[in-house]
Amino acid sequence: MAEPLTINDSSENLRLENHKRKLEERKTTCIMLVISILPIVAILISLTIGRYSISLPQFFYVVSSKIFGYSAAQYSTIETVLFNVRAPRILSALMVGAALSVSGATYQGLFRNPMVSPDILGASAGAGFGAALGILLSFNGLGIQISAFLFGLIAVIITYSISAIITRGNNATLLLVLTGMVVAALFTSFISITKYVADPYEKLPLITFYLMGGLSSVTMKDIEILLIPMIIGVIPLILLRWKFNVLSFGDEEAKSLGIDTSKLRLIAILCSTLMTAAAVSISGMIGWIGLVIPHIARMIVGPDFKVLLPSSLLIGATFLLLVDDVARCAFSIEIPLGILTSLIGAPFFIYLLVKGRRGWI
């Protein structure tokens, strides 16, 4: 017959549990520090490689001349390349990658479904149609981006409204996802109609290239446009990230802990939609990042949303920046980002399916 646990045994077990928890916290902290360094390394690599090669000493000299005000006339060409070409592209890649990854991780936790991505509620398809329509109507660059952003928001509003009408205000996650898929299919058909009626020599190539995704024409004005919805979207999600852990136990458990699940879902969907629509309006439709990057982050830091969302943000930003480097440097012509992310993301997701990784949340 087993002897009952004594007070000393209980204290020892508690001490071991505390020690184990501290080790896990230290491990997570070290991992997050490494992940935080990745974007910095990627930025330095991206600034120096390209058709016009720039060394790190040249880069630091030009940057320091801007900071301290001394002349760098001998590096005027390098200064132009850095600040007018590469800096906007690097910043946009970081922000788009971060926006799509955080949105994907949020949706996957919100709907408790590992197959969910930022376009699940129709934001990407709506934004794609808005951009295609803007190109068809000969809008300027800013007009095309605004059209894409607005139609991305409209698509999600339609999805949410139809779902709310059918469920009469009750929470029905599955119905919301299904409605989003239908709305996305509807806007995809609108894109096809737009391409069909577009001028095949002028407008159709522009629409097709935009839909494949890319950052070749991004300027600092585009960064300013993307920055506002990015800040509005990401800050509430980071502040509320601990509540997403509670949602994994189900709505009833979350409500018993005082969390308004309907309000939380609405805030999360609005924030994610803002970021997704803004990202697509700048970069076009870049797939797989919002689906695959959260899985990579879970494999590294685990399912705790306190670290999952920040790590998804950092990994997604680094990933898209490096993919953009490959797109502009590896071939004689620039490859659209959507093609490269699909070539990388699809095989990786197949690998996850084969391995049967179900501990996603």
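None of the figures in this text is laboratory data; all of them are computed from the coordinates on show. Note that the structure is predicted; figures quoted are calculated from it, not measured. Cβ: placed from backbone, ideal geometry, glycine included. Neighbour counts: every protein chain shown.
Could you give the distance between the Cα centres of the stretch 159-188 and the stretch 195-237, to the whole Å?
Cα centroid of the stretch 159-188 versus Cα centroid of the stretch 195-237: 26 Å apart.
What is the calculated FRET efficiency for Cys329 to Ile157, with r their C-beta to C-beta distance and R₀ = 51 Å, to the nearest 0.05?
Computed FRET efficiency for Cys329 and Ile157: 0.80.
Which three lengths, in whole Å and largest first, does the stretch 246-294 cover when its Cα atoms are put on their principal axes?
Result for the stretch 246-294: principal-axis Cα extents of 42, 20, 8 Å.
List the relative contact order of the stretch 86-152 as a percent without decimals, with contacts defined as Cα pairs under 8 Å and 6+ residues apart.
25 percent
With everything on Cα atoms, drop me the angle between helix 305-329 and the longest principal axis of the chain, reported from 0 to 90° to the nearest 10.
Helix 305-329 sits at roughly 30 degrees to that axis.
Give me the distance in nm between label points sitting 7 Å out from Cα along the Cα-to-Cβ direction at Ser11 and Asn113, one decimal.
5.2 nm
Fewest Cβ neighbours within 10 Å first, please rank Cys271, Cys329 accordingly.
So the residues, fewest neighbours to most, are Cys329, Cys271.
Quick check on the exposure proxy: order Asp304, Asp222 from fewest to most C-beta atoms within 10 angstrom.
Asp304, Asp222
Take the residue pairs Lys20/Lys243; Lys22/Lys306; Lys27/Lys355; Lys263/Lys306 and return only those whose Cα atoms are more than 22 Å apart.
Long pairs (Cα-Cα over 22 Å): Lys20/Lys243; Lys27/Lys355.
Would you mind telling me which residue in Thr261, Thr273, Thr208 has the biggest mean-square fluctuation in a Gaussian network model of the chain, where springs connect alpha carbons within a distance under 10 angstrom?
Top of the fluctuation ranking is Thr208.
Modelled label-to-label distance, Ser342 and Leu239, 7 Å Cα→beta-carbon offset: nm?
That separation, rounded to one decimal, is 3.9 nm.
Take the Cβ-Cβ distance between Glu224 and Leu186 as r, set R0 to 41 Å, and report the resulting FRET efficiency rounded to the nearest 0.05.
Efficiency computed from Cβ-Cβ geometry: 0.85.
Could you list Val63, Val96 so that the one with the fewest beta carbons within 10 Å of its beta carbon is first and the one with the most is last?
Working: Val63 15, Val96 31.
The order, fewest Cβ neighbours first, is Val63, Val96.
For the chain, count the residues as N, evaluate 2.2 N^0.38 Å, and divide the Cα radius of gyration by that value, please.
That ratio works out to 1.12.
Apply 1/(1 + (r/R0)^6) to the Cβ-Cβ distance of Leu353 and Ala73, taking R0 = 51 Å, and write down the FRET efficiency to the nearest 0.05. Working shown, then result.
Details: r = 57 Å, r/R0 = 1.11.
Once rounded, the FRET efficiency stands at 0.35.
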